[in-house]
1. Quick one: how many residues across region 113-165 are among the polar types (S, T, N, Q), out of contact with any Leu (no Cβ under 7 Å at 6 or more places or on another chain) and within 16 Å of the ligand (Cβ to nearest atom)?
2. Could you please let me know if Arg310 is surrounded by fewer than 20 Cβ atoms within 10 Å (Cβ to Cβ), in contact (Cβ under 8 Å) with a residue 12 or more places away in the chain, away from the ligand (no atom under 16 Å from the Cβ) and closer than 20 Å to Thr158 by Cβ?
3. Taking the residues in region 255-289 that are assigned to a loop (DSSP other than H, G, I, E, B), crowded, with 16+ Cβ neighbours inside 10 Å and within 13 Å of the ligand (Cβ to nearest atom) as candidates, determine which candidate is modelled with the lowest pLDDT.
4. Restricting attention to region 177-219, and to residues there that are among the charged types (D, E, K, R) and away from the ligand (no atom under 16 Å from the Cβ), which single residue is farthest from the chain's Cα centre (by Cα)?
5. Take region 1-55 and flag every residue that is outside any helix (DSSP H, G or I) and within 16 Å of the ligand (Cβ to nearest atom).
6. If I filter region 230-247 down to residues being under 26 Å from the mean Cα position of the chain (by Cα) and of a type in the set (Gly, Ala, Ser), which single residue comes out as farthest from the ligand (Cβ to nearest atom)?
7. Can you tell me which residue among Ile63, Ile73 is surrounded by 16 or more Cβ atoms within 10 Å (Cβ to Cβ), among the aliphatic types (A, V, I, L, M) and within 27 Å of Asp4 (Cβ to Cβ)?
8. Val28 - would you say it is closer than 30 Å to Arg292 by Cα, at pLDDT 95 or above and buried (at least 21 other Cβ atoms within 10 Å of the Cβ)?
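The values are calculated or read from the model by the stated rules, or taken from the named source; none is laboratory data. Everything numeric here is computed off the predicted structure, so don't read it as measured data. For neighbour counting, all protein chains shown are included, and Cβ atoms are generated from backbone atoms with ideal geometry for every residue, glycine included.
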Amino acid sequence: MSNDKKRIGISTGGGDAPALNAVIRAAVRTALSYGWEVYGILNGFEGLLDPKRHIKKLGEEEIKGILVMGGTILGTTNRGNPFAMKKIVRGKETEVDRSQLILKNFKKLKLDGIIVIGGDGTLSIANRIFEMGIPVVGVPKTIDNDLSCTSTTFGFDTAVSTATDALDRLHSTAESHRRVMVVEVMGRNAGWIALHSGVAGGADVILIPEIPFEMKHVVRKIQGRYASGREFAIVVVAEGAAPKGGLQFTKVKSDGEVRLGGIGEWVAREIEKTTGRETRNIVLGHLQRGGRPTTFDRLLATRFGAASVRLFKAGFVGQMVALDPPDIVGVPLAEAIKRIKLVPTTSDIVLTARELGICFGDQ
Ligand code: F6P
């Protein structure tokens, strides 16, 4: 790649996260400062299957006012894997590989490369299209904070703030009614949101996927609180948490897609049944993905956006920008997608929580 004027694409894939727009804004501004052209690819990789309708040139006008906006101005999808597109053939659902069309359209558009903003799924696809010959720079995004090789992802801080705010609000109503409140938060395979919001929000029990739990320990903790005169309890449970020896709880959505969910409801029912204490279940769900990004997320996203274009300029494609405090660095995409980043069960924050008397359901 030469250092001349370039035409780059930018795309957002997977579930949205607060501060996606801040990345787009920073990447566009940085590219424009080099005299480059930037094209927004709409709705994840799907946009490259039908570029006539799904590509738009991005300039100052298009990024005006988006720094503080939730969502993504480019749209996104978590079903757009071009290597396995779902298609109904004679009434039966099948998967077709449309990656060659992506390559063809990329060449037709005369792009020099694409900045792909996404989580583990999207970045795995990005790495495959990089291997096919499309220069790619990845930007790590997920509210779950479970991407490797970066100390944190943008979106996580906002999601934790939303969950902590919910716990603060639930405290007063739980106390007034002497109830147990079970709050289910997002976190498919990693319990970062539950752990951080649970500790910051003064939870009594935190259940995360990394620590299989037993209801007898949860119940003992709650009974102990009531016996000591604190007649309410807050339980935070990650959607991906599972009882020891059991499976994660899932629900089939109206479109046939299977999603995690139901663990909070189950835990609440078990607590009420065993303790006789009135128990309510709250699922925070997509509230954690929406709204204005926090200052931390805006700043990180802005640094990621600018750094992604800088990496491109320096010819470091096939890389992902990452936070290695205090620096933003480039790491090989292939490395970043190898494994997800789980909560280390011996980490300081887990230890601190245990010392504060928070129960993880394992003892
Ligand atoms: O990966 C982020 C995430 O928010 C997960 O925590 C959650 O399981 C999933 O997205 C929900 O996705 P959808 O928007 O498809 O329901």
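1. The number of residues fulfilling the criteria is 7.
2. no
3. This residue is Gly261.
4. Filtering first and then ranking leaves Arg178.
5. Thr12, Gly13, Gly14, Gly15, Asp16, Ala17, Pro18, Ala19, Asn43, listed by residue number.
6. Gly246
7. Ile63
8. yes
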